[in-house]
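Undergrad: Quick one: structure below, then a few questions.
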Amino acid sequence: MARAERGISAPPEVVFNTATDPDRVSAWLPAPLRRTGMPGPELAAAELRARWRSAGSPDWSARLQVSPVDAGGATVRLELEADPAERRLPEIADESLASLAREVDDNLAPG
């Protein structure tokens, strides 16, 4: 398992809605979790949590938790699991959150 955390300068609800938007998922979620025909995420929207699971082999899962920050903005935590273990998992988790941050910026950009 790999964990990554990142601050994003946007309201937590905007971050969560961007992360779970079916039109934006393919821009940030790791490839094994965004194949055609994959089930949608399990959502706990009130807690700003989501979980994705792959169907098939290799087996992947992602857990996302968005939390508010006192100074404004949000903290995003991502846990990735792959079976069999993927040695690049920590790097993939960091890259995924960087991509999510770009998607949130694009979502907030006027126009």
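The values are calculated or read from the model by the stated rules, or taken from the named source; none is laboratory data. The structure displayed is predicted, hence computed values, not measured ones. Note that we place each Cβ from the backbone using ideal geometry, even for glycine, and neighbour counts take in every protein chain shown. Accessible surface is based on the protein model in full, side chains and every heavy atom, while ligands, DNA and RNA are left aside. Shrake-Rupley method; radii C 1.70, N 1.55, O 1.52, S 1.80 Å.
Undergrad: Looking only at residues that are touching a residue at least 60 places away in the same chain (Cβ under 8 Å) and outside any strand (DSSP E or B) in segment 68-90, which one is farthest from residue 30 (Cα to Cα)? Break it down into steps so the answer makes sense when it comes.
TA: If we filter segment 68-90 for residues that are touching a residue at least 60 places away in the same chain (Cβ under 8 Å), which is where we start, we get 69, 72-81, 89-90.
Within this subset, residues satisfying the condition of being outside any strand (DSSP E or B) are 69, 72-73, 89-90.
Values: 69: 26, 72: 28, 73: 24, 89: 10, 90: 12 Å.
Filtering first and then ranking leaves 72.
Undergrad: Still on this structure: Six or more apart or on different chains, Cβ atoms under 8 Å: show the pairs whose first residue is in segment 35-56 and more than 19 Å from residue 13 (Cβ to Cβ) and open to solvent by 70 Å² or more (accessible area, probe 1.4 Å) and whose second is at pLDDT below 95 and aromatic (Phe, Trp, Tyr).
TA: 53/60
Undergrad: So which residues in segment 1-29 are under 16 Å from residue 75 (Cα atoms) and open to solvent by 90 Å² or more (accessible area, probe 1.4 Å)?
TA: Within segment 1-29, 3, 5, 6, 9, 13, 17 qualify.
Undergrad: With (1) under 14 Å from residue 107 (Cβ atoms); (2) surrounded by 16 or more Cβ atoms within 10 Å (Cβ to Cβ); (3) not basic (Lys, Arg) as the list, and residue 32 as the residue in question, which single condition is left unmet?
TA: (1)
Undergrad: Name every residue in segment 28-44 that is modelled with pLDDT under 95, small (Gly, Ala, Ser) and more than 14 Å from residue 93 (Cβ to Cβ), in order of residue number.
TA: Once the filter is applied, which keeps residues that are modelled with pLDDT under 95, small (Gly, Ala, Ser) and more than 14 Å from residue 93 (Cβ to Cβ), segment 28-44 yields 37, 40.
Undergrad: Let me ask another. Select from segment 74-91 the residues that are out of contact with any strand residue (DSSP E or B) (no Cβ under 6 Å at 6 or more places or on another chain) and at pLDDT below 95 and write down the one among them that is surrounded by the fewest Cβ atoms within 10 Å (Cβ to Cβ). Spell out the reasoning first.
TA: So in segment 74-91, the residues out of contact with any strand residue (DSSP E or B) (no Cβ under 6 Å at 6 or more places or on another chain) come out as 84-88, 91.
Still in the running and at pLDDT below 95: 84-88.
Working: 84: 8, 85: 10, 86: 17, 87: 10, 88: 11.
Applying the filter and picking the extreme gives 84.
Undergrad: Give the residue that is modelled with the lowest pLDDT, with candidates limited to residues of segment 1-17 that are more than 18 Å from residue 106 (Cβ to Cβ) and not charged (D, E, K, R). Spell out how you get there, then give the answer.
TA: Of all residues in segment 1-17, those more than 18 Å from residue 106 (Cβ to Cβ) come to 1-5.
The next check asks that each one be not charged (D, E, K, R); those that pass are 1-2, 4.
Numbers: 1: 92, 2: 95, 4: 97.
Result: 1.
Undergrad: In segment 93-107, how many are open to solvent by less than 90 Å² (accessible area, probe 1.4 Å) and modelled with pLDDT under 95?
TA: The qualifying residues number 1.
Undergrad: Given the options 79, 91, 103, name the one that is under 16 Å from residue 34 (Cβ atoms) and acidic (Asp, Glu). First the steps, then the outcome.
TA: Values: 79 fails: under 16 Å from residue 34 (Cβ atoms); 91 fails: under 16 Å from residue 34 (Cβ atoms).
Residue meeting the stated conditions: 103.
Undergrad: Picking from 61, 54, which residue would you name as being touching an Asp or Glu at 6+ places or on another chain (Cβ under 9 Å) and among the polar types (S, T, N, Q)?
TA: On the way: 54 fails: touching an Asp or Glu at 6+ places or on another chain (Cβ under 9 Å).
Answer to the check: 61.
Undergrad: Right, next: Which number in (1) open to solvent by 20 Å² or more (accessible area, probe 1.4 Å); (2) touching a strand residue (DSSP E or B) at 6+ places or on another chain (Cβ under 6 Å); (3) assigned to a helix (DSSP H, G or I); (4) modelled with pLDDT of 95 or more marks the one condition that residue 65 misses?
TA: Every condition holds for residue 65 apart from (3).
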